[in-house]
Amino acid sequence: MNTGRIVRTAAQLSVRYCQQPENDGVILLEQMSLAGAFNRRELGTRRRGIGTNSLFSPRFCKRAVSRTQHVRSDETVMSPPRSGCDMVSTRQGEASLTVFLINLDRAVDRLVAMQQKLGCIGLHAQRVSAVDGAALDFPIRDFNEVAFRFKHGRRRNPAEVGCYLSHIECARRLLASNSEFALVLEDDLEFPDDFAELLDATLQQNEKWDILRLSTVSDGRKFRFSRLTKTRSLAVALTREKGSGAYIINRRAAHWFVEKLVPMQLPFDLAFDLEFFGGLKSAFVVPVPVDQQLDLPSQIQGRRRRYHRSRGHYLTVMPYRIFIETIRLPARLMCLVGHLTCARMTEETFSGQTSQTEKISAPDSSARRIG
């Protein structure tokens with residue numbers, strides 16, 4: 001059986017079992033463990049460096065199956081859980097990571113495509129039914145239209161509001177769960193071959209970030225400060241970055257999302273790019289690993305010109321943007337300097353310990369030669 005046939009079969013089984021609530025969730029987990037085993041066997045060179053205690057090891061898959069035999073299939077992969085504690089988590093040592101996939105109910109084709117892609121890299125995700133902006137009855141409490149026009153300079157875009165509230169819902173679900181981290185994904189992404197290894201490495205350095213961005217639609221320069229894998233590093237962007245297709249947050253960032261980013265006053269990708277106001281640390285993985293497929297029809301930016309205002313809106317928008325950038329640059333620069341200083345001190349400490357060890361071992365070897 002060739003690779004393509006196995007992937008298609010796994011995707012079809014996922015959809016079929018998730019549409020049958022009488023099946024136990026353990027069936028899905030066993031199926032995904034099998035898919036993970038296939039990927040490890042066939043794509044071993046791409047998954048090098050992932051140990052038995054890593055996120056995607058066979059040992060973890062076996063533990064996950066045994067822990068969740070009581071979970072029903074409508075609480076696992078394809079639909080949102082009834083409560084955050086029902087979620088299936090992926091564990092890295094003592095840290096747990098839950099994967100959320102935001103998807104509109106009517107976008108079935110995108111869901112099937114994403115399930116296939118995630119299956120190929122050994123991941124399974126909680127589907128979060130995206131808020132459909134077309135069904136919202138404005139005004140709503142979670143959207144501040146006056147502030148939105150003042151800061152962003154555009155009229156209300158219902159699809160944009162729905163996207164924003166969907167991301168906030170992911171943060172709420174993380175806080176309602178026992179997980180420490182959440183990987184939040186939109187449904188128009190492409191993943192690299194080393195994505196599993198990359199997730200392992202990022203969680204091992206989780207003290208260096210609260211928000212870790214894995215995608216962007218901007219091309220601003222990013223300054224590296226820590227090596228993750230042979231080909232990727234952590235970095236800080238000193239300028240504004242758009243796009244929220246894929247990112248990881250911890251519980252601290254989730255609290256900030258829920259408590260400070262509601263009601264909506266900016267598009268989500270611009271709002272969570274202001275993490276310095278919450279005293280949080282934001283970082284990028286570079287080269288940016290996840291590609292947000294801009295060639296797909298946008299569910300948010302279609303007919304975007306209809307939401308533009310007159311040029312007079314720049315009288316409020318430009319002063320606000322200048323204010324933001326004058327704070328962003330020094331805040332991010334201080335964060336970058338802090339990371340580099342910490343890395344330098346760690347390197348010097350390690351070098352000092354190494355030299356002391358060599359000095360101690362040198363007399364011992366001389367004594368042995370004399371004896």
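The values are calculated or read from the model by the stated rules, or taken from the named source; none is laboratory data. Here the structure is a predicted model, which is why all the values come from computation and not from measurement. Because the Cβ atoms are built from the backbone with ideal geometry, glycine has one as well, and the counts that use them run over all protein chains shown. Note: areas computed on protein heavy atoms with side chains; ligands, DNA, RNA excluded. Shrake-Rupley method; radii C 1.70, N 1.55, O 1.52, S 1.80 Å.
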Filter pass, V161 being modelled with pLDDT of 95 or more, assigned to a strand (DSSP E or B), touching a strand residue (DSSP E or B) at 6+ places or on another chain (Cβ under 8 Å) and open to solvent by less than 40 Å² (accessible area, probe 1.4 Å)
no
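Taking the stated definitions as given, is G243 open to solvent by less than 10 Å² (accessible area, probe 1.4 Å) and either over 22 Å from C342 (Cβ atoms) or within 13 Å of the chain's Cα centre (by Cα) (or both)?
On the way: open to solvent by less than 10 Å² (accessible area, probe 1.4 Å): yes; either over 22 Å from C342 (Cβ atoms) or within 13 Å of the chain's Cα centre (by Cα) (or both): yes.
For G243, the condition - open to solvent by less than 10 Å² (accessible area, probe 1.4 Å) and either over 22 Å from C342 (Cβ atoms) or within 13 Å of the chain's Cα centre (by Cα) (or both) - is met.
Is at least one residue of the range 262-284 open to solvent by 40 Å² or more (accessible area, probe 1.4 Å), in contact with a helix residue (DSSP H, G or I) (Cβ under 7 Å, 6 or more places away or on another chain), at pLDDT 95 or above and among the polar types (S, T, N, Q)? Explain how you work it out, then say what you get.
Just the residues of the range 262-284 that are open to solvent by 40 Å² or more (accessible area, probe 1.4 Å), to begin with: 263, 265, 277, 279, 281.
Still in the list and also in contact with a helix residue (DSSP H, G or I) (Cβ under 7 Å, 6 or more places away or on another chain): 265, 281.
The next check asks that each one be at pLDDT 95 or above; those that pass are 265, 281.
Okay, now just the ones that are also among the polar types (S, T, N, Q), so 265.
The answer is yes; a qualifying residue exists.
Taking the range 212-237, which residues are of a type in the set (D, E, K, R) and touching a residue at least 60 places away in the same chain (Cβ under 8 Å)? Break it down stepwise before answering.
Looking only at the range 212-237, we keep the residues that are of a type in the set (D, E, K, R), and these are 213, 219, 221-222, 224, 227, 230, 232.
Of everything in the range 212-237, those that are of a type in the set (D, E, K, R) and touching a residue at least 60 places away in the same chain (Cβ under 8 Å) turn out to be R213, K222, R224.
Of all residues in the range 174-192, count the ones that are acidic (D, E) and under 22 Å from S226 (Cβ atoms).
1
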Across (1) in a helix (DSSP H, G or I); (2) in contact with a Phe, Trp or Tyr (Cβ under 8 Å, 6 or more places away or on another chain); (3) not aliphatic (A, V, I, L, M), E241 clears everything bar (1)
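Here's the yes/no breakdown for (1) within 23 Å of G119 (Cβ to Cβ); (2) of a type in the set (F, W, Y); (3) open to solvent by 50 Å² or more (accessible area, probe 1.4 Å):
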{"residue": "T202", "(1), (2), (3)": "yes, no, no"}
{"residue": "L214", "(1), (2), (3)": "yes, no, no"}
{"residue": "R221", "(1), (2), (3)": "no, no, yes"}
{"residue": "S226", "(1), (2), (3)": "no, no, no"}
{"residue": "A237", "(1), (2), (3)": "no, no, no"}
{"residue": "I248", "(1), (2), (3)": "yes, no, no"}
Quick check on the range 305-324. Is at least one of its residues more than 30 Å from M345 (Cβ to Cβ), open to solvent by 40 Å² or more (accessible area, probe 1.4 Å), part of a loop (DSSP other than H, G, I, E, B) and at pLDDT below 95?
yes
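For the range 112-133, what are the residues that are within 17 Å of H167 (Cα to Cα) and assigned to a helix (DSSP H, G or I)?
So in the range 112-133, the residues within 17 Å of H167 (Cα to Cα) come out as 125-133.
Selection gives G133 alone.
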Which number in (1) modelled with pLDDT of 95 or more; (2) within 30 Å of N178 (Cβ to Cβ); (3) open to solvent by less than 30 Å² (accessible area, probe 1.4 Å) marks the one condition that A196 misses?
(1)
Could you run through the range 107-156 and say how many residues are among the charged types (D, E, K, R), open to solvent by 60 Å² or more (accessible area, probe 1.4 Å) and touching an Asp or Glu at 6+ places or on another chain (Cβ under 8 Å)?
1
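Scan the range 204-237 residue by residue and report those that are among the aromatic types (F, W, Y) and in a loop (DSSP other than H, G, I, E, B).
W209
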